[in-house]
1. How many residues does the stretch 5-47 contain that are modelled with pLDDT of 95 or more and outside any helix (DSSP H, G or I)?
2. Restricting attention to the stretch 95-122, report how many residues are of a type in the set (A, V, I, L, M) and in contact with a helix residue (DSSP H, G or I) (Cβ under 9 Å, 6 or more places away or on another chain).
3. Tell me which residues, restricted to the stretch 104-146, are under 17 Å from the mean Cα position of the chain (by Cα), surrounded by 17 or more Cβ atoms within 10 Å (Cβ to Cβ) and polar (S, T, N, Q).
4. With respect to residue 111, is the statement that it is under 26 Å from residue 35 (Cβ atoms) and either of a type outside the set (Asp, Glu) or touching a residue at least 60 places away in the same chain (Cβ under 8 Å) (or both) true?
5. Please work out if residue 85 is assigned to a helix (DSSP H, G or I), modelled with pLDDT of 70 or more and surrounded by 10 or more Cβ atoms within 10 Å (Cβ to Cβ).
6. Restricting attention to the stretch 89-119, report how many residues are hydroxyl-bearing (Ser, Thr, Tyr) and either farther than 13 Å from residue 141 by Cα or touching a Lys or Arg at 6+ places or on another chain (Cβ under 7 Å) (or both).
7. Among the residues of the stretch 96-114, are any on the phi > 0 side of the Ramachandran plot and among the polar types (S, T, N, Q)?
Amino acid sequence: MPQFIHSRAIIIILATLATLAILAGVFQLGVSVGERKSRHFTRWFDNYNQNMLPPAPHRPGPGLPPGNMPMPMLPNAHGVFGKILSVSDNSLIIQGQDNVEQNVLITSSTAIRIDRRIGTIEDLKPETEVSVLGAPNEQGQIEARLIRLFNK
């Protein structure tokens, strides 16, 4: 029996099975990440009116009516680099790559940095170039974990 366990064929079979199991796990991880990004993009577009446009009584609910606006490029779900368009109490609208606007939520745990020093929400002003890292939420917004301001 011990010779059977230590035989070369069994070792090769077990190594192959272990390699296949690892590859299957990596594949599943990639599928999970892709699904999460896809859900973010869908929610971002479904909530575009609420996230990006000022409230108006004549505007319909979530989603855009067909033909009203061209479909914007999809944003990055975990961050944005660009210019601040507007600042409110706990959110920013940032014009990112390809002129895509992204709504960024600022929480009590959001770190704001200017070069090597700590910044505050008062440092966030329109026309300032920023880089935001965060996590997507269910409304298609980015919950900021780090906002870095760039001096011109």
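1. 0
2. Within the stretch 95-122, the subset of a type in the set (A, V, I, L, M) is 100, 104-106, 111-112, 114, 118, 121.
Subset that is in contact with a helix residue (DSSP H, G or I) (Cβ under 9 Å, 6 or more places away or on another chain): 106, 112, 114.
Matching residues across the stretch 95-122 total 3.
3. 110, 141 - these are the residues of the stretch 104-146 that are under 17 Å from the mean Cα position of the chain (by Cα), surrounded by 17 or more Cβ atoms within 10 Å (Cβ to Cβ) and polar (S, T, N, Q).
4. no
5. no
6. Summing the residues that are hydroxyl-bearing (Ser, Thr, Tyr) and either farther than 13 Å from residue 141 by Cα or touching a Lys or Arg at 6+ places or on another chain (Cβ under 7 Å) (or both) in the stretch 89-119 gives 3.
7. Within the stretch 96-114 (the criterion being on the phi > 0 side of the Ramachandran plot and among the polar types (S, T, N, Q)), the answer is yes, since at least one residue qualifies.
The values are calculated or read from the model by the stated rules, or taken from the named source; none is laboratory data. The shown structure was predicted, so the numbers you read here are calculated from the model rather than taken from an experiment. Using ideal geometry, Cβ is built from the backbone for each residue, glycine included, and neighbour counts are taken over all protein chains shown.
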